[in-house]
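The structure appears right after this line, and notes come after that.
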Amino acid sequence: QVQLVESGGGLVQAGGSLRLSCAASGTIFSILFMGWYRQAPGKQRELVATITSEDIINYTDSVKGRFTISRDNAKNTVYLQMSNLKPEDTGIYYCNAVWGPRASWGQGTQVTVSS
């Protein structure tokens with residue numbers, strides 16, 4: 001089983017930046033397909049960004065040009081750099097890891113963007 005621990009959330013004004021981190025343990029990090037998801041109040045969880053073991057990256061349209069996902073295999077960590085934040089980016093951000101048929105989720109970190 002893979003354990004994931006997110007950090008870096010907080011309260012920021014619109015236009016500001018935050019960097020989320022997700023530290024993984026329990027398996028070989030470099031083989032993991034990693035992703036960030038978010039869930040706003042009253043809404044379903046949605047995909048934000050993903051990065052494969054070969055650094056192939058995908059973003060949802062609403063964050064393209066503002067968010068950057070990256071991974072450091074030496075530190076077993078995936079990051080989400082968020083810039084030009086908007087109030088609609090508010091939500092709980094979850095880290096996700098997939099390996100073969102299995103998946104794990106972190107506990108989530110709250111991001112609140114004030115207008």
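Scanning the stretch 82-94 for residues that are open to solvent by 20 Å² or more (accessible area, probe 1.4 Å) and part of a strand (DSSP E or B) gives 92, 94. Listed by first and then second residue, the pairs linking a residue in the stretch 88-112 that is under 19 Å from residue 77 (Cβ atoms) to a residue that is part of a helix (DSSP H, G or I) and open to solvent by less than 40 Å² (accessible area, probe 1.4 Å), with Cβ atoms under 9 Å apart and 6 or more places separating them unless they lie on different chains, are 97/29; 111/89.
Being open to solvent by 50 Å² or more (accessible area, probe 1.4 Å) and either closer than 28 Å to residue 1 by Cα or touching a helix residue (DSSP H, G or I) at 6+ places or on another chain (Cβ under 8 Å) (or both) holds for only one residue in 19, 38, 71, and it is 19. Got a number for residues in the stretch 7-35 being within 15 Å of residue 72 (Cα to Cα) and touching a Phe, Trp or Tyr at 6+ places or on another chain (Cβ under 8 Å)? Matching residues across the stretch 7-35 total 8. All conditions in (1) outside any strand (DSSP E or B); (2) of a type outside the set (Ser, Thr, Tyr); (3) within 22 Å of residue 110 (Cβ to Cβ); (4) at pLDDT 95 or above hold for residue 65, with the sole exception of (3).
Applying the criterion of being in a strand (DSSP E or B) and open to solvent by 90 Å² or more (accessible area, probe 1.4 Å) to the residues of the stretch 95-109, the residue that is farthest from residue 48 (Cα to Cα) is 102. Of everything in the stretch 41-68 that is open to solvent by 40 Å² or more (accessible area, probe 1.4 Å) and aliphatic (A, V, I, L, M), the residue that is nearest to residue 12 (Cα to Cα) is 47.
The values are calculated or read from the model by the stated rules, or taken from the named source; none is laboratory data. Source: prediction; values computed, not measured. Glycine also receives a Cβ, built like all others from the backbone with ideal geometry; neighbour counts cover every protein chain displayed. For the accessible areas, the whole protein counts, side chains as well, though only heavy atoms, and no ligand, DNA or RNA atoms are used. Shrake-Rupley method; radii C 1.70, N 1.55, O 1.52, S 1.80 Å.
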